[in-house]
Amino acid sequence: MFLLITVLLFGFASAQKVVQLSYCSVAENNLRMDCKYALPAESPEPFCKYTQGERLLDTTDPDEEQHAPYKNRAKARIFPGNVCRLLFKNLPKGKSNFTCNIRLADSAAVTKTSVVEKKLLLPCSAWSVLLQSCSGLLLTLMTLLRLSCYI
C-alpha cells in the first residue's frame, strides 16, 4: 500500500515541470524572463508567478496579491506554447535571483530559479534566445557546417 501511494504521489508531483528559464534585456534597464513549462495532456491553464525570495513580483493567480513596490515594475503573463513571461522594469545593478513558479489549481508548485547579472545581460533578439536556450543544438549545427566545408 505504501509503495502504491508513493508511486501515485510521485506521478502527481512530476506531472508538471519547468523546462527552461531564459532571460534577456528589452531595454537598458528592463528584463524579460521566459519560463517554459510542460503540463500533462488536457490540463487546465496553470497559474504562474515570479518571486524574489518571499516577495511576489507578479502572478496570474487572481487570489494572490502582488507585493506593493512591484505593481508598476513587474508584469507576468502566460503566452501560447506553455510560456510564462515576466517583464521587469528598472533591474538593479549586480546580481538578482528570480524564481518562476508554475502551479495547477489543486497541486503543488514547481519552481526554477535563475541568477541574473545585469552587466552580463544580452539584448533580446533571436540570436540571444538561441544562445541561451539551444546551445547544444547551436554547437551541433556549427560543427556540421564546419565539417561540410571539408567535404
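Residues in region 32-56 that are closer than 16 Å to residue 18 by Cβ, under 16 Å from the mean Cα position of the chain (by Cα) and not hydroxyl-bearing (Ser, Thr, Tyr): 33, 34, 35, 36, 38, 39, 45, 46, 47, 48, 49.
For (1) touching a Cys at 6+ places or on another chain (Cβ under 9 Å); (2) assigned to a strand (DSSP E or B); (3) in contact (Cβ under 8 Å) with a residue 24 or more places away in the chain, each residue gets a yes or a no:
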| position | (1), (2), (3) |
| --- | --- |
| 72 | no, no, no |
| 75 | no, yes, no |
| 78 | yes, yes, yes |
| 85 | yes, yes, yes |
| 92 | no, no, yes |
| 96 | no, yes, yes |
| 99 | no, yes, yes |
| 105 | no, no, yes |
| 108 | no, no, yes |
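Considering region 38-65 alone, what residues qualify as being more than 14 Å from residue 83 (Cβ to Cβ) and of a type in the set (A, V, I, L, M)? Correct list: 41, 56, 57. Just to be sure I understand, how many residues within region 90-102 are buried (at least 18 other Cβ atoms within 10 Å of the Cβ) and not aromatic (Phe, Trp, Tyr)? The total comes to 5. For residues in region 103-136 being at pLDDT 90 or above, aliphatic (A, V, I, L, M) and surrounded by fewer than 12 Cβ atoms within 10 Å (Cβ to Cβ), which is nearest to the chain's Cα centre (by Cα)? Here the residue is 115.
Return a yes/no flag: does region 12-29 have any residue that is crowded, with 18+ Cβ neighbours inside 10 Å, polar (S, T, N, Q) and in a loop (DSSP other than H, G, I, E, B). Yes, that holds for at least one residue. Return the residue satisfying two criteria in turn: it lies in region 50-70 and is touching a Cys at 6+ places or on another chain (Cβ under 8 Å) and assigned to a strand (DSSP E or B), and of such residues it is surrounded by the fewest Cβ atoms within 10 Å (Cβ to Cβ). That would be 59. Within region 34-59, residues that are under 25 Å from residue 124 (Cβ atoms) sit with their Cβ atoms under 8 Å from residues that are part of a strand (DSSP E or B) and of a type in the set (Asp, Glu), at 6+ positions apart or across chains, in these pairs: 49/58; 50/58.
The values are calculated or read from the model by the stated rules, or taken from the named source; none is laboratory data. The structure presented is a predicted model; accordingly, all values stated were derived computationally and were not measured. Methodologically, a virtual Cβ is constructed for each residue, glycine included, from the backbone with ideal geometry; neighbour enumeration extends over all protein chains shown.
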